[in-house]
């Protein structure tokens with residue numbers, strides 16, 4: 001397998017150099033940019049980006065704005081984004097997840113933790129690529145899409161009421177209308193639907209969907225659950241699909 005290209009957007013030259021040094025020692029390729037403007041002017045030169053590491057506090061567009069722009073570009077919609085923040089405010093973390101970021105780290109952080117998260121994000125992305133036959137890119141987005149989930153591969157579909165998760169095409173439909181989701185929202189919904197009726201703690205979901213322990217950052221699960229409810233429930237204040245289990249966590253209703 002060719003080396004993964006990781007793009008770092010960090011205006012602190014010392015931090016950027018430290019990140020690149022450690023990543024390259026682990027066998028990754030890196031490109032560094034001090035701001036979003038130079039990133040986007042150069043982005044068309046790359047064909048195999050597998051991860052973006054974005055600082056939040058940047059000159060010009062901040063990390064939130066860069067992430068949002070990347071997620072609107074079909075060729076980068078599914079590329080994982082790891083955000084770095086010097087601020088520990090929950091609002092920053094929530095905003096990062098809402099713009100489509102897959103993970104975040106609060107400075108200062110240890111390089112071992114960074115590498116663990118990088119490895120997990122890359123593993124998840126490669127699994128997604130493998131499941132999609134290597135076609136998770138701009139060409140995939142341009143394929144003809146019907147108004148309803150494909151009917152020829154029902155074995156890959158999970159249904160509950162008027163909600164359908166079509167895993168073969170990595171799409172979710174509600175009443176025949178496609179719902180746009182981030183990769184992490186999709187994976188969380190898929191896991192819950194596969195294990196409907198089973199109550200999971202937040203730590204369980206972090207370990208099984210995110211792939212490693214978040215050292216108590218269980219608020220991450222709450223944010224994603226809230227976003228999912230807004231997208232799939234008729235009334236997210238009175239959810240039907242994703243239930244809160246007091247003293248435990250969450251479960252998908254056993255339809």
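The numbers here are math on the coordinates, done by the rules we state, and not lab data. Only a predicted model underlies this, so the values are computations on that prediction, with no experimental measurement involved. When we count neighbours, we look across all protein chains shown, and the Cβ atoms used for this are built from the backbone with ideal geometry, even at glycine.
Classify region 5-131 as rounded, prolate or oblate from the Cα gyration tensor: take a ≥ b ≥ c as the square roots of its eigenvalues, call it rounded if a/c is under 1.5, otherwise prolate when a/b beats b/c and oblate if not. Note, shape of region 5-131 comes out rounded.
Working from label points 7 Å from Cα in the Cα-to-Cβ sense, the residue 73 to residue 226 distance is 3.0 nm. State whether region 153-252 is rounded, prolate or oblate according to the following rule on the C-alpha gyration tensor (a ≥ b ≥ c being the square roots of its eigenvalues): a/c under 1.5 gives rounded; otherwise a/b larger than b/c gives prolate, and the remaining case gives oblate. Judged from the Cα gyration tensor, region 153-252 comes out prolate (a/c at least 1.5, a/b above b/c).
Stretched out fully, how many nm does the piece from residue 123 to residue 15 gain, at 0.36 nm a residue minus the Cα gap?
36.4 nm
What FRET efficiency would be calculated for the residue pair residue 162, residue 107, taking the C-beta separation as r and a Förster radius of 30 Å, to the nearest 0.05? Intermediate values should be presented prior to the final figure.
Working: r = 44 Å, r/R0 = 1.46.
Rounded to the nearest 0.05, the efficiency is 0.10.
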